[in-house]
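The values are calculated or read from the model by the stated rules, or taken from the named source; none is laboratory data. Please read all numbers here as calculations on a predicted model, not as lab measurements. Surface areas here come from the heavy atoms of the whole protein model, side chains and all, with no ligands, DNA or RNA. Shrake-Rupley method; radii C 1.70, N 1.55, O 1.52, S 1.80 Å.
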Amino acid sequence: MTNRPDAHTDLASGISWLAAPRWIPFGGYNVIMARGLTPDALVERLSAAAFWGVPAVVNRAHGEHTAEEIGDPDLFDADEDVHLRYGEHSGLAFVVMYGPWWGEFSDLGPVSEDGAHVFQVVFEEDNGKPVPPFFTYLHDGRTACSFNLHLDGSWGYDGVDGDPAVAARVTAAIAEAGLPVTGRAGYPGEEGEEEMRRTLLGILGRLFDLSLPRERVLHEALPTATLTT
């Protein structure tokens, strides 16, 4: 981990911009970033973890597409297949998921095997249930850090889980920012959730040196893979 307080404060280069509501279609976001893997290797490993242990077929024939094009029913089956737009930025391979990705992936631990560092930020924003956003850091097949980004103690997450040393460092950074570390004490309620997400994503970006290219993800064409069984 790195700890550079001045790193990635720009919303265009960090990950804080993920806090904004509905920044991509299909009900929320599922973003994977990896250090130690190429973008192609990250796509292959995610395909092996998809569809509850049944390896998916990776179809790269679609070439490069924008997020808007993936929502075009004349080009893609946005309701049935999971689509991955992927690339590399600031030393990180990244994948942004589209289509019905929720519930379609089993344990992502194997994605981080052989020394890879894998980071996931996921939020089922339009789920009918109040599912909070989650951050997970995986390394060498194990969970190094995981917690609920609303810090409200819901969905079985109360505090920061994972490797004690990593969890302690994240917990200290959260407490230093004046946010509640566990439970609902100090929880700002729904009206404060977006700002809480933004603050936490900024902390995580600095601690783990994470960055996602906002303009490329939102507006430019990226290599696109479709996962099918």
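Within the accessible area of the chain, what % is carbon and sulfur when the probe is 1.4 Å and the other protein chains stay in place? Don't skip to the end; give the middle numbers.
On the way: 4980 of 10080 Å².
Solvent-exposed carbon and sulfur of the chain make up 49 percent of the total.
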Expected vector for the range 98-115, Karplus 3J(HN,Hα) from phi with 6.51, -1.76, 1.60 and θ = phi - 60°, integer Hz, x for Gly and Pro, equals 9, x, x, 7, 5, x, 9, 10, 8, 4, 8, x, x, 5, 9, 5, 6, x
One checks the Cα atoms of the range 124-173 and finds Rg and Dmax, in Å, of 11.7, 35
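Which number do you get for Rg(Cα) / (2.2 N^0.38 Å) in the chain? Present the calculation step by step, with values, prior to reporting the outcome.
On the way: Rg = 16.8 Å, N = 229, 2.2 N^0.38 = 17.3 Å.
Normalised Cα radius of gyration, the chain: 0.97.
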Under a Gaussian network model of the chain whose springs join Cα atoms within less than 10 Å, the largest fluctuation of His219, His117, His65 belongs to His219
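So how many Å³ per residue does the convex hull of the Cα atoms of the range 17-127 work out to?
Working: hull volume 11.9 nm³, N = 111.
Cα-based convex hull of the range 17-127, divided per residue, equals 107 Å³.
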Any residue on another chain or 5+ positions along whose placed amide H is under 5 Å from the amide H of Ala116 is listed here as Asp140
